[in-house]
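One structure is given below, encoded as structure tokens.
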Amino acid sequence: MKKIAERYQVSPYMVFYLIHALQFGVGVLGFQRFISLDSGHDAWIAVLGSGLAVHIAVFLIYQILKDQEGNILDVQKKLFGKWIGNALNAVVIIYFTCLATNVLRTFIEVIQVWMFPDLNVWLYSFLFLVLAYYILSGGFRVVAGIAFFGVVLPSYLILTYLFTLKFANFNNLMPVFDHSITDLLKSTKNMSLTVIGFEALFMYYPFIKNPEKSKKWAHIGIAVTTLLYLIIMLFSIIYFSEEQLQKNVWATLTIWKIVEMPFVERFEYIGIANWNLVILPNVCLTLWCASRGMKQLIKIKQKYTILIVLAVSYAGINFMNSREQINTLNSFLGEVGFYVFIAYIPMLYLCTLIYRKLKKGGKKSEKA
């Protein structure tokens, strides 16, 4: 892979927004239920566990890509050969396309359930993806800029959780560590779908100026994401009883219903409308990763691969008409995400270490 020209690259600090924007998406609106099913009022511990796992995974990603000229597609092709490498590269492209499809379709379901039951899915998704195409056509720097605004502009929404303090019952947090390690690990696994997205770093790594300097920003991004999830989880636990939390599909939206302001009666409508800004960088960045990967795999210009992944995503969104289909994709991607940062990334790191040692050994023998 050719070195990316500096005019197409972003500053190291932008990795903070790229990491955080992808980790903080539609899952925020209802992750509390899935996490609390196994660990109850200790679910906040699982949030910390998932954050630690992501920190380790991102550390390994930087180690894998260190001294590499290219992204994950180049690494896999180098390590596993042309045929196996390209097969894995195709899986990466499909994975990011499915992520974009899942995020947008789940968000559309939220709109249908809470605002407009008769929303025309094909029209809304078409208009949303047209906007995504406009952003993607501007290149990676524009996508990174959208990630920045997607983090900064809706950030005030975290303050809405303070309204739960009026009805808080801090006894809901007690007793601490009341669940087994097995239950906590199950909850940590259930958190997978919510925190995945950091692996996009594998794709945009060559587009970072001085990528070594971006390490701290990546870890700061993960830490901020984990802190926000922790705050949301704690506020949810003290507001809902354990049974209520385990039955409430969209706990965050339910909390927004108690927000009272002189100028707005139904704040959840404001929150959902603002969430478009959160979802936009999720969709744009994952589709950019998919189109970039397709460009490398089939050797055609990215302006064409963007259209291909947009068309595939649009078809997938409109194919899923029931809650069961959406849940199936959610569960599948959650499982894939879990094994990506628990099994595949460590395996890839070990393969990279072996490859580097063999390469060094070969160079020494040549000199001798």
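Taken over the range 155-165, the criterion of being open to solvent by 10 Å² or more (accessible area, probe 1.4 Å) and of a type outside the set (A, V, I, L, M) is satisfied by 155, 156, 163. Take the conditions (1) within 21 Å of the chain's Cα centre (by Cα); (2) open to solvent by less than 60 Å² (accessible area, probe 1.4 Å); (3) touching a residue at least 24 places away in the same chain (Cβ under 8 Å); (4) over 30 Å from residue 152 (Cα atoms); residue 271 misses just one of them, which is (4). The single condition among (1) over 30 Å from residue 89 (Cα atoms); (2) touching a His at 6+ places or on another chain (Cβ under 8 Å); (3) modelled with pLDDT of 90 or more that residue 219 does not satisfy is (1). The set of residues from the range 25-40 being open to solvent by less than 30 Å² (accessible area, probe 1.4 Å) and either in a helix (DSSP H, G or I) or modelled with pLDDT of 90 or more (or both) comprises 26, 27, 28, 29, 31, 32, 35, 36, 39, 40.
Could you give me the residue pairs with C-beta distances under 6 Å whose first residue belongs to the range 304-319 and is in contact (Cβ under 8 Å) with a residue 60 or more places away in the chain, whose second residue is of a type in the set (Lys, Arg) and crowded, with 22+ Cβ neighbours inside 10 Å wherever it lies, and which are 6+ apart or on separate chains? Once the first residue is in contact (Cβ under 8 Å) with a residue 60 or more places away in the chain and sits in the range 304-319, its partners that are of a type in the set (Lys, Arg) and crowded, with 22+ Cβ neighbours inside 10 Å give 317/105.
Note on the range 175-250: enclosed helices (runs of 4 or more DSSP H) holding 1 or more residues that are β-branched (Val, Ile, Thr) and either open to solvent by less than 30 Å² (accessible area, probe 1.4 Å) or over 21 Å from residue 164 (Cα atoms) (or both) are 181-190, 192-195, 215-239.
Screening the candidates 73, 88, 104 for the property of being crowded, with 22+ Cβ neighbours inside 10 Å and farther than 27 Å from residue 229 by Cα yields one hit, 73.
The values are calculated or read from the model by the stated rules, or taken from the named source; none is laboratory data. These numbers come from a predicted model, not from an experiment. No Cβ is skipped: glycine too gets one built from the backbone with ideal geometry, and neighbour counts run over all protein chains shown. Remember, those area values only see protein heavy atoms, side chains included, never the ligands or the DNA or RNA. Shrake-Rupley method; radii C 1.70, N 1.55, O 1.52, S 1.80 Å.
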